[in-house]
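Here the structure is laid out as structure tokens; the discussion comes afterwards.
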Amino acid sequence: RVGLRLVDPGNLVQSSGSTALAVVTQIEPITVIFTVAQDHLDEVLAQLRHGARLTVDAYDRTQQTRLATGKLLALDNQIDTTTGTVKMRALFDNKQDILYPNQFVNTRLLVTTQHNMTLIPTYAIQHNGEIAFVYVIQNGVAHVRNVKEGTTDAGMTAVEGINPGDEVATSSYEKLQDGSKVNISKRPIPQSESNAP
């Protein structure tokens, strides 16, 4: 696609000058460069070694609207030591011209699909050193239950160590101890807690 004209009729230009008449960019297809934490690099490489074509979704700034879906095209050959991330490039066919050069997007790279996982709000998980735990409520009493954290997405974390149907405390952690009596409130979760990391 040809961009806006950068010079007007009558302007003096020279063949050796650095002023462009217009800029031509390729938008169909278009590539998006994004980064992935080095902690997830082994998972990505394992899938690529097995010939998987990994899907990448591009979202708007709010991460609410999916703009386009593409495929992972390539990844860099080194880790950025300042950020601990690896650059990756995804290819989008962009038939609807939704993506533009230099546009900011959020990306989600689908590496694997997990089934039959127990999900809880990420902010319900507490830490004591390297041990992750939650407070499970049984008969009005809080019990500490160690959990193993899995994948996190959209404020929810897959965990091992609790069962579907277990009631997990989602607030007032500073007041809880193993064996504390609790009153369960069915109030909506405040925005500050529901968006907590």
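The values are calculated or read from the model by the stated rules, or taken from the named source; none is laboratory data. The structure presented is a predicted model; accordingly, all values stated were derived computationally and were not measured. Heads up, the Cβs are rebuilt from the backbone with ideal geometry, glycines too, and the neighbour counts pull from every protein chain shown.
Just for the stretch 1-43: of the residues that are touching a Gly at 6+ places or on another chain (Cβ under 6 Å) and in a loop (DSSP other than H, G, I, E, B), which one is modelled with the lowest pLDDT?
Ala22
Quick check on the stretch 133-160: of everything there that is small (Gly, Ala, Ser) and over 30 Å from Lys87 (Cα atoms), which residue is nearest to the chain's Cα centre (by Cα)?
Ala142
What single numbered condition from (1) among the acidic types (Asp, Glu); (2) without any contact (Cβ under 8 Å) to a residue 40 or more places away in the chain; (3) surrounded by 13 or more Cβ atoms within 10 Å (Cβ to Cβ) fails to hold for Asp57?
Among (1) among the acidic types (Asp, Glu); (2) without any contact (Cβ under 8 Å) to a residue 40 or more places away in the chain; (3) surrounded by 13 or more Cβ atoms within 10 Å (Cβ to Cβ), Asp57 violates only (2).
Determine whether Asp39 is touching a helix residue (DSSP H, G or I) at 6+ places or on another chain (Cβ under 9 Å) and among the acidic types (Asp, Glu). Before you say what the answer is, go through the steps one by one.
Details: touching a helix residue (DSSP H, G or I) at 6+ places or on another chain (Cβ under 9 Å): no; among the acidic types (Asp, Glu): yes.
Against the criterion (touching a helix residue (DSSP H, G or I) at 6+ places or on another chain (Cβ under 9 Å) and among the acidic types (Asp, Glu)), Asp39 does not qualify.
When the residues of the stretch 101-120 are filtered to those that are in contact (Cβ under 8 Å) with a residue 12 or more places away in the chain and of a type in the set (S, T, N, Q), which remaining residue is nearest to His40 (Cα to Cα)?
Thr112
Out of (1) in contact with a Leu (Cβ under 9 Å, 6 or more places away or on another chain); (2) not in a strand (DSSP E or B), the odd one out for Leu72 is which?
(2)
More than 25 Å from Val36 (Cβ to Cβ), assigned by TED's automatic domain parsing to the domain that holds Arg66 and in contact with a strand residue (DSSP E or B) (Cβ under 9 Å, 6 or more places away or on another chain), is that true of Gln103?
no
Anything in the stretch 145-157 that is surrounded by fewer than 16 Cβ atoms within 10 Å (Cβ to Cβ), in contact with a strand residue (DSSP E or B) (Cβ under 7 Å, 6 or more places away or on another chain) and in a strand (DSSP E or B)? List them, or say none. It would help to see each step written out before you state the result.
Looking only at the stretch 145-157, we keep the residues that are surrounded by fewer than 16 Cβ atoms within 10 Å (Cβ to Cβ), and these are 146, 148-156.
In the following step, the residues that additionally are in contact with a strand residue (DSSP E or B) (Cβ under 7 Å, 6 or more places away or on another chain) were identified as 146, 148-151, 155-156.
If the condition is that a residue be surrounded by fewer than 16 Cβ atoms within 10 Å (Cβ to Cβ), in contact with a strand residue (DSSP E or B) (Cβ under 7 Å, 6 or more places away or on another chain) and in a strand (DSSP E or B), then Asn146, Lys148, Glu149, Gly150, Thr151, Met156 are the ones that fit.
So which residues in the stretch 74-99 are under 18 Å from Asp60 (Cα atoms), among the β-branched types (Val, Ile, Thr) and loosely packed, with under 13 Cβ neighbours inside 10 Å?
none
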